[in-house]
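Have a look at the structure below before the remarks.
The values are calculated or read from the model by the stated rules, or taken from the named source; none is laboratory data. The structure displayed is predicted, hence computed values, not measured ones. Using ideal geometry, Cβ is built from the backbone for each residue, glycine included, and neighbour counts are taken over all protein chains shown.
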Amino acid sequence: MKLAVIGGTGALDLFVASSGASLTTPFGAPSDRPRKVAIGEREIWFLARHGNPHRIPPHKVNYRANIHALKILGVDSVLAVNAVGGISPDLRAGSLLVPDQLIDHTWGRAHTFSDGGSAPLRHVDFTNPFAGPLRAAVLAAADRAGLEVTEDGCIAVTQGPRLETAMEVARLAAEGCAAVGMTSMPEAALAREAGIDYASLCIVANAGAGLEQGPITEQDIHRVLQAAMERVQKMIVQLVQDIPV
Ligand code: HPA
């Protein structure tokens, strides 16, 4: 397995990494140079989804360039780290979730490599947007690392960068969504088109809009995400150690 981690909000300092590979793609430049990270005897790639420093909003991320750049590097598996708001009552701030489904509410993002031109038109199967064996490996690693992770659940992906209204969250809850984020799409679908296995580790940064009293503050979101990073890192290290050579 050639693994890359695409890190989201709060994940920039996950690892001490190399200066990175400078690449361009037919879709433009990726958010940042993919950086090689040594974990024990192994190496993985790390890509900062929002750039370095963190500046690219979810709807402006060049998801196609990011996935294409990782494909050029020979990556065959991506673990995406995504910040989300919790909708199910059991997903409180600081919880970790490995979703098994998603509903895409994003719009206007460059969401496919099948975009006319010379690329072949493909209608990829997306019944299960996350790769089963990679999800299983992530869950096993979390278990071995002694981390509590919620297995399964559907995430909604909204356009952002604003957070949702209370009624939008109520509607997502009625649709069966356990959490809501802004960055899993089109990333997951592009990975599928590129033949890259893709799984997501969601960090619940806050209760979804309207589920708790008072406004959701960015300070609270960042504090929760920062506090969760140690567990995320532990999980990734365990996952990498578990990968057969
Ligand atoms: N909604 C969408 N995305 C998010 C949230 C949220 O409440 N919190 C962190 N990312």
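Could you please let me know if GLU230 is without any contact (Cβ under 8 Å) to a residue 40 or more places away in the chain, away from the ligand (no atom under 16 Å from the Cβ) and closer than 28 Å to ASP76 by Cα? It is true that GLU230 is without any contact (Cβ under 8 Å) to a residue 40 or more places away in the chain, away from the ligand (no atom under 16 Å from the Cβ) and closer than 28 Å to ASP76 by Cα. Filtering the stretch 162-188 to residues that are over 16 Å from the mean Cα position of the chain (by Cα) and either away from the ligand (no atom under 13 Å from the Cβ) or part of a helix (DSSP H, G or I) (or both) leaves ALA166, MET167, GLU168, VAL169, ALA170, ARG171, LEU172, ALA173, ALA174, GLU175, GLY176.
Among the residues examined, GLN159 does not qualify as modelled with pLDDT under 95, in a loop (DSSP other than H, G, I, E, B) and either in contact with a Lys or Arg (Cβ under 9 Å, 6 or more places away or on another chain) or away from the ligand (no atom under 12 Å from the Cβ) (or both).
If only residues of the stretch 159-184 that are within 18 Å of LEU91 (Cα to Cα) and β-branched (Val, Ile, Thr) are counted, the one that is surrounded by the most Cβ atoms within 10 Å (Cβ to Cβ) is VAL180. Looking at the structure I just gave you, is ARG42 of a type outside the set (A, V, I, L, M, F, W, C), surrounded by fewer than 19 Cβ atoms within 10 Å (Cβ to Cβ) and at negative phi? Yes: the conditions hold for ARG42.
Could you list, in sequence order, all residues of the stretch 46-67 that are in contact with a Gly (Cβ under 9 Å, 6 or more places away or on another chain) and crowded, with 21+ Cβ neighbours inside 10 Å? Scanning the stretch 46-67 gives PHE46, LEU47, ALA48, ARG49, HIS50, PRO58, VAL61, ARG64.
Cβ-Cβ distances below 8 Å connect the following pairs, each with a first residue in the stretch 206-226 that is in contact (Cβ under 8 Å) with a residue 60 or more places away in the chain, a second residue that is of a type in the set (Ser, Thr, Tyr) and near the ligand (Cβ under 9 Å from one of its atoms), and a separation of six or more residues or different chains: ILE221/THR9; HIS222/THR9; LEU225/THR9. Taken over the stretch 212-225, the criterion of being of a type outside the set (Val, Ile, Thr) and either surrounded by fewer than 14 Cβ atoms within 10 Å (Cβ to Cβ) or in contact with a Cys (Cβ under 8 Å, 6 or more places away or on another chain) (or both) is satisfied by GLU212, GLN213, GLY214, PRO215, GLU218, GLN219.
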